[in-house]
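**Q** Shown below is the structure under consideration.
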Amino acid sequence: MSEPAAVRIDPDVLLRTLDQLNAPDLVDEEIAASVARTLARAAEVFGVTGVGLMLIDPVDHQLRYVAATDALAERLESAQEEAGEGPCVEAFVLNRIVATTDVRTDPRWPTLQGTRQLAGVAAVLGVPTRLHSQVIGSLNAHSTEPRVWDDSEVAAIGAFNELLETRLDTATWARRHTRASALADQLQRGLDHRVIIERSVGYIMGRYGTSAVAAFQALRRCARGRRLKVAEVAASLLDGVEFDEITRTLPTTTQEPERAGGD
């Protein structure tokens, strides 16, 4: 089977688009409409099937669907919510860009491959979305055909991601002054728990010699089984509470553990 062709981004089109989206008359635009506009333009510039955004849920600290340009992008995000794994989840946990030529055959996410919502999705590119240097979600682009993500595409979607981060930062500023944005409330509450969860992930990695993604999923499973929030389990773990669910289900490795929250 031949390698799929890489697709490059036109830098002139990208710069014109970012200049247009950063126009002064958009400063006061309602945040949800602004995010939707940014995603739609990104999908058009990249020539991909669709683009979506996932953000942390302040209740259980899981990635949740926030916006998508098409039904496939929405299904992809829902599938990763259900499986608890995938390129967007990994980009979020490891705080780095994660790409796959074809998610349907990528051995990194076997549970995701078993979900029905994945039908029709092939190549996926996940980029961590940050607020005040903390990862709060993941921007993703996808294609219905296998695709090698070119360096120019990675750089371009990174530029769009920075624009989204600016939009979301605007939302949190508005919350501090008007307390009128539900999206900003979600971001702020999730951000408040991020540090303690990262510390507990690091603790599990160091103690059991496992990866950041596996450690995060162990916290997630434990929280679900006990009907607690992930942040509550993380805080208890750091306070010295032992959870049998973590030691019983956590895979171990002799390799050096991945560093959570690093590039």
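The values are calculated or read from the model by the stated rules, or taken from the named source; none is laboratory data. None of the values given here were measured: they were computed from a predicted structure. Heavy atoms of the whole protein, side chains included, go into the accessibility calculation; ligands, DNA and RNA do not. Shrake-Rupley method; radii C 1.70, N 1.55, O 1.52, S 1.80 Å.
**Q** Ignoring everything but the protein chains, give the 1.4 Å probe accessible area of GLU232 in square angstrom, nearest 10.
**A** Its heavy atoms expose roughly 80 Å² to the probe.
**Q** Leaving ligands, DNA and RNA out of it, rank HIS193, HIS142 by accessible area with a 1.4 Å probe, largest first.
**A** HIS193, HIS142
**Q** Using the Karplus equation 6.51 cos²θ - 1.76 cosθ + 1.60 (θ = phi - 60°), what ³J(HN,Hα) coupling, rounded to whole Hz, does each residue of the stretch 229-240 give in order, writing x for Gly and Pro?
**A** Karplus values, whole Hz, x for Gly and Pro: 7, 4, 5, 5, 5, 4, 5, 5, 4, 5, 7, x.
**Q** With an 8 Å cut-off on Cα pairs and a minimum separation of 6 or more residues, tell me the relative contact order of the stretch 38-154 in percent.
**A** Relative contact order comes out at 27 percent.
**Q** If you plug each phi of the stretch 98-115 into the Karplus form 6.51 cos²θ - 1.76 cosθ + 1.60 with θ = phi - 60°, what whole-Hz ³J(HN,Hα) values come out, in order, with x for Gly and Pro?
**A** 3J(HN,Hα) across the stretch 98-115, in whole Hz: 10, 10, 9, 5, 8, 5, 5, 10, 6, x, 5, 10, x, 5, 4, 5, x, 8.
**Q** For the stretch 79-129, what does the alpha-carbon gyration tensor say about shape, rounded, prolate or oblate, given a ≥ b ≥ c as the root eigenvalues, a/c under 1.5 as rounded, and a/b over b/c as prolate?
**A** Prolate, because a/c is 1.5 or more and a/b exceeds b/c.
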